[in-house]
Amino acid sequence: MYFDRNVLLLKVGQIYNIFFVSQTRPHNSHLFFTFGKKLIMFPKIIKLILALVSIAYALFLISDDYIGNGILLLLLAGMFILLYFKNELIFLAFLRLRKQDFVGTEKWLQRIPNIEQNLVKKQQGYYHYLFGIIESQKNLTQAEKHFKTAMKLGLSMNHDMAMAKMSLAGIYLQKRRKREAQLLLTEAKKLDKHGMLTGQMKLIQQQMKKI
């Protein structure tokens, strides 16, 4: 069986253009398909299917001695798997948050429709975690709901879970729920194994003594 490497590269390029060329435009920064003028985000299951199809075809090519082509498709499959577990918009929202751009962070998050369909469980947790940080600047009740949901769904890193618990403790303290705040702060200390949040926790403890 003859398979032209250039043909494969052309098809991979076409796939890249369909899925990612839109990233250069401000309003299309993630996987979309188009119906007329309406852009719709790819559900996470579509990413998984694309990854499986790419892996299957890559293995077929490798078994047929087209090793280079197969490796190229395996890399493409790896990209789809990464986007399945690590949503690109959550990543971009984190980048805005690192710059203290809360408005920009919220804009990226708002571009994720139907989070249950488009995000895996822990990415849903980070979605609510980020919204909790945003809302803590303006609406403590909403921030409390988001942090609780994030903790329930789970977060990948202990530091992030510690941050969520500490932030919720701060909210409870402002609402004069001292006992619940102390409990969460104790749990946050256990998770913060590298002491990255020690300074902020001390401030909360100082405020707690005043109540």
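The numbers here are math on the coordinates, done by the rules we state, and not lab data. It should be emphasised that the depicted structure is a prediction, and the values quoted were computed from it without experimental measurement. Glycine also receives a Cβ, built like all others from the backbone with ideal geometry; neighbour counts cover every protein chain displayed.
Just a few scattered comments:
- Using θ = phi - 60° in the Karplus curve 6.51 cos²θ - 1.76 cosθ + 1.60, the 3J(HN,Hα) couplings for region 59-71 round to 5, 4, 5, 5, 5, 9, 6, 9, 5, x, 5, x, 4 Hz; x is entered for Gly and Pro.
- Across region 189-194, rounded Karplus estimates of 3J(HN,Hα) from the backbone phi angles (6.51 cos²θ - 1.76 cosθ + 1.60, θ = phi - 60°) give 4, 5, 7, 7, 5, 9 Hz, Gly and Pro being marked x.
- Reported to the nearest whole Å, the Cα centre-to-centre distance from region 174-189 to region 57-105 is 39.
- Relative contact order of region 59-171, pairs being alpha-carbon contacts under 8 Å that are 6 or more residues apart, as %: 17 percent
- As a size descriptor, the averaged projected area of the C-alpha convex hull of region 78-147 was calculated at 4.6 nm².
- The ranking of THR141, THR149 from fewest to most other beta carbons within 10 Å of each one's beta carbon is THR141, THR149.
- Spin-label pair GLN137/LEU59, simplified geometry with 7 Å Cα→Cβ offset, distance in nm: 4.7 nm
- Debye log10 I(q)/I(0) for region 32-160, one point scatterer per Cα, at q = 0.14 Å⁻¹: -0.71
- Across region 168-182, coupling constants 3J(HN,Hα) worked out from phi with the 6.51/-1.76/1.60 Karplus curve, θ = phi - 60°, read 5, 4, x, 5, 4, 5, 5, 8, 6, 9, 4, 5, 5, 5, 5 Hz, and Gly and Pro carry x.
- Scaled against the 2.2 N^0.38 Å expected of a compact globular protein of N residues, the Cα radius of gyration of region 88-209 reads 1.04.
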